[in-house]
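The values are calculated or read from the model by the stated rules, or taken from the named source; none is laboratory data. Not measured: the values here are computed from a predicted model. Don't worry about glycine lacking a Cβ; one is built from the backbone with ideal geometry, like all the others, and counts go over all protein chains shown.
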Amino acid sequence: MADIVRKHVVSVEGPTIRERLQAMDDSAVVTAFLGGEERAFSELVTRYQTRLLNFVYRTIGDREKAEDLVQEVFIRVYRHLHRFDRSKKFSTWVYTIASNLAKNELRNRSRNPLVLFQTVQKNFQDEDRPLQFEDTTARPDDMYRKRHLREIVEESVAKLPEHHRNVFILRELEGKSYEEIAEITECNLGTVKSRLNRARNSFAEIIAPYVD
Amino acid sequence: MDCREFCEQHVAYVDDTLAGIELVRMQRHIAECESCAKHDAKIRRALLVFRNLPSIEPSADFSRRLEARIRECQSDHILATAQRNLRYGAVAATMASVIMLGYIGTTLYQRTAAPQDLMMPPVVASIPEPDLAPITTSTPAIVTSVSAGLSIWPAALFAEQAPVRFAHSKLELTSYTR
């Protein structure tokens, strides 16, 4: 009898708050957070952490630092969400914060040779690590080729000028529209298209010998 | 369409955002121009490689670290709010004290201050009107007495009262002319 009652109660309760948050769009989740629902912030983190990490990592080329910067993005979101203009897209705002932080990081790195040295050293150590995330069922030469190609692609992206790379990653990796990219990078639409065209051409030129 | 125009529109062509007619023109150009066809293939292949880069995932302790920082942020916020409230309270208390001290000081000063000059109401002085009989300057009796060598007193009287009469006649004249 008690089981029947419990089952009935569960069916009446409906979806949990977490499930309801998952079903909401970004704007509704932001509203829920501002309304005092702290779990809404976790939902935003879940939605954006991987995307932002990839974006920042491809921009600055340092995984550890990218994680730190993504954490900083979320801290800023947490602190300033009440100031966010809700007539605009939340994702654009978040990417703008991430883009600015990545830009600052690159600027600081170029000014500080020690940081640059540490990054080079860390990347060198990374290369010495055993393959951890590769498909172990594949043949060793395939694994090598895959890793080699990934490194080449990452190096080719890193060779692009900073403002071209930013637009390139936002478009090709994050699938942002030209208008969104213009807003995130604070450029006009014509500049975005021109930078994207140049970035694609440069990247294709660099990578062509390896993929032909 | 020439190759230059093709290159200018290639971004939109790859992203499939061209209008129908432009799209057909681009496709026709690729079919005709081997160089542009090669360029198009090279770009598309490069983008394919890039888009298929394996995604990286946040490390295992990412969420834990973030939660810790958020908690830190919350406690900072609470502390900052308390400090702000305390600061506002301190400012309000200081202002109230200053006003109170000012009031007390003013009251004490008013009580102990040296007597000041007495302020009296203004005095309006008025000149009583002289009790003089109206005379006319051209009285025939006086004129006659002076010229005829008669007793001098009317002339002396006239001379003594001359300034007053003169002023009186001036006043009369003024009041007539108004």
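Hey, among A:Ala40, A:Ala66, A:Ala23, which residue is modelled with pLDDT of 90 or more and of a type in the set (Gly, Ala, Ser)? Write out each step before concluding.
Numbers: A:Ala40 fails: modelled with pLDDT of 90 or more; A:Ala23 fails: modelled with pLDDT of 90 or more.
Exactly one residue qualifies, and that residue is A:Ala66.
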Restricting attention to the stretch B:7-21, the residues that are within 12 Å of chain A (Cβ to nearest Cβ) and either touching a residue at least 24 places away in the same chain (Cβ under 8 Å) or part of a helix (DSSP H, G or I) (or both) number exactly 7
Residue pairs within 8 Å by beta carbon, gap of at least six or interchain, first lying in the stretch A:152-163 and within 11 Å of chain B (Cβ to nearest Cβ), second of a type in the set (Val, Ile, Thr), listed first then second, are A:Ile152/A:Ile207; A:Val153/A:Ile207; A:Val153/B:Val49; A:Ser156/A:Ile206; A:Ser156/A:Ile207; A:Val157/A:Ile169
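When the stretch B:29-60 is examined, which residues are found to be outside any helix (DSSP H, G or I) and crowded, with 16+ Cβ neighbours inside 10 Å?
Within the stretch B:29-60, the subset outside any helix (DSSP H, G or I) is B:33, B:52-60.
Of everything in the stretch B:29-60, those that are outside any helix (DSSP H, G or I) and crowded, with 16+ Cβ neighbours inside 10 Å turn out to be B:Cys33, B:Leu53, B:Pro58.
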Only one of A:Ala199, A:Ala204, A:Ala158 is at pLDDT 75 or above, more than 30 Å from B:Ser59 (Cβ to Cβ), touching a helix residue (DSSP H, G or I) at 6+ places or on another chain (Cβ under 9 Å) and among the aliphatic types (A, V, I, L, M), namely A:Ala204
If you go through A:Tyr95, A:Tyr178, the only one that is at pLDDT 90 or above, among the aromatic types (Phe, Trp, Tyr) and under 21 Å from B:Leu53 (Cβ atoms) is A:Tyr95
Of (1) over 12 Å from the mean Cα position of the chain (by Cα); (2) within 12 Å of another protein chain (Cβ to nearest Cβ), A:Phe55 satisfies every one except (1)
Counting only residues in the stretch A:167-212 that are assigned to a helix (DSSP H, G or I) and among the basic types (Lys, Arg), the one farthest from A:Ile152 (Cα to Cα) is identified as A:Lys193
Among (1) surrounded by fewer than 11 Cβ atoms within 10 Å (Cβ to Cβ); (2) at pLDDT below 80; (3) assigned to a helix (DSSP H, G or I); (4) of a type in the set (Gly, Ala, Ser), B:Ser151 falls short only on (3)
Of the listed residues (A:Asn112, A:Asn104), the one being modelled with pLDDT of 60 or more, over 22 Å from A:Glu174 (Cα atoms) and surrounded by fewer than 20 Cβ atoms within 10 Å (Cβ to Cβ) is A:Asn112
The residue that is surrounded by the most Cβ atoms within 10 Å (Cβ to Cβ), considering only those in the stretch A:164-173 that are within 11 Å of chain B (Cβ to nearest Cβ) and modelled with pLDDT of 90 or more, is A:Val167
Checklist entry - Quick check: is even one residue across the stretch A:201-212 touching a residue at least 60 places away in the same chain (Cβ under 8 Å) and either surrounded by 22 or more Cβ atoms within 10 Å (Cβ to Cβ) or more than 8 Å from every other protein chain (Cβ to nearest Cβ) (or both)? => result yes
